[in-house]
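Participant: A single structure is presented below for examination.
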Amino acid sequence: MVLKGVLITVLSLSLIGCATSSINIVKPFVEPQYGMNKLQMVDLLGKPKRIEIYKKSDQTRIEFYVYVRKYESSQEEVPVCLIDNKVAGWGKTFYEDHVSTDDVRIK
C-alpha cells in the first residue's frame, strides 16, 4: 500500500514538471520605442522567433530580433533592429535598407 502511494506521488510530480516546462507564453507584437535597450525590448515583446546578427564592413554589429505579428487570418515577421544594444528601427523596409550582400552574417 505504501509503495502504491509513493509510485502515485512520483508519477504526479513528474507530470507536473513536464507541464510547467512546456508552457511558452507568446506576447502580442507591440511596436517598441526607439532607444529601448535589449532587456526592455525582450520584456515588452517576449522571446523572438529568431535572431540574425550581421557585421557591416565598418565593423558595426547589427542585430535583428524577428517577431511574428499575427492577424485574424495571416501573420507576418517583423524584424526589430538593435545597434549598440538599442532599438534603432523595425519592419521589413528597415531590414532591407540596413542589410546588404556585403554584410557578414554571424548568426
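The values are calculated or read from the model by the stated rules, or taken from the named source; none is laboratory data. The shown structure was predicted, so the numbers you read here are calculated from the model rather than taken from an experiment. Counting neighbours? That spans all protein chains shown, and the Cβs are built from the backbone with ideal geometry, glycine included. We work out accessible area using only protein heavy atoms, side chains counted, and drop any ligands, DNA or RNA first. Shrake-Rupley method; radii C 1.70, N 1.55, O 1.52, S 1.80 Å.
Participant: With every protein chain left in place and a probe of 1.4 Å, what is the accessible surface of D43, to the nearest 10 Å²?
Facilitator: 110 Å²
Participant: Tell me the relative contact order for the stretch 22-107 as a rounded percent, counting alpha carbon contacts under 8 Å between residues six or more apart.
Facilitator: Relative contact order, the stretch 22-107: 29 percent.
Participant: Next question. Hey, could you pull the Cα Rg and Dmax for the stretch 26-87, both in Å?
Facilitator: Cα only, the stretch 26-87: 12.3, 42 Å (Rg, Dmax).
Participant: Output the peptides 63-70, 48-55 sorted from most to least packed, where packing is the average of other Cβ atoms within 10 Å over each peptide's residues.
Facilitator: Peptide ranking by packing, descending: 63-70, 48-55.
Participant: Considering only protein heavy atoms and a probe of 1.4 Å, how much of the accessible area of the stretch 39-90 is carbon and sulfur, as a whole percent?
Facilitator: 46 percent
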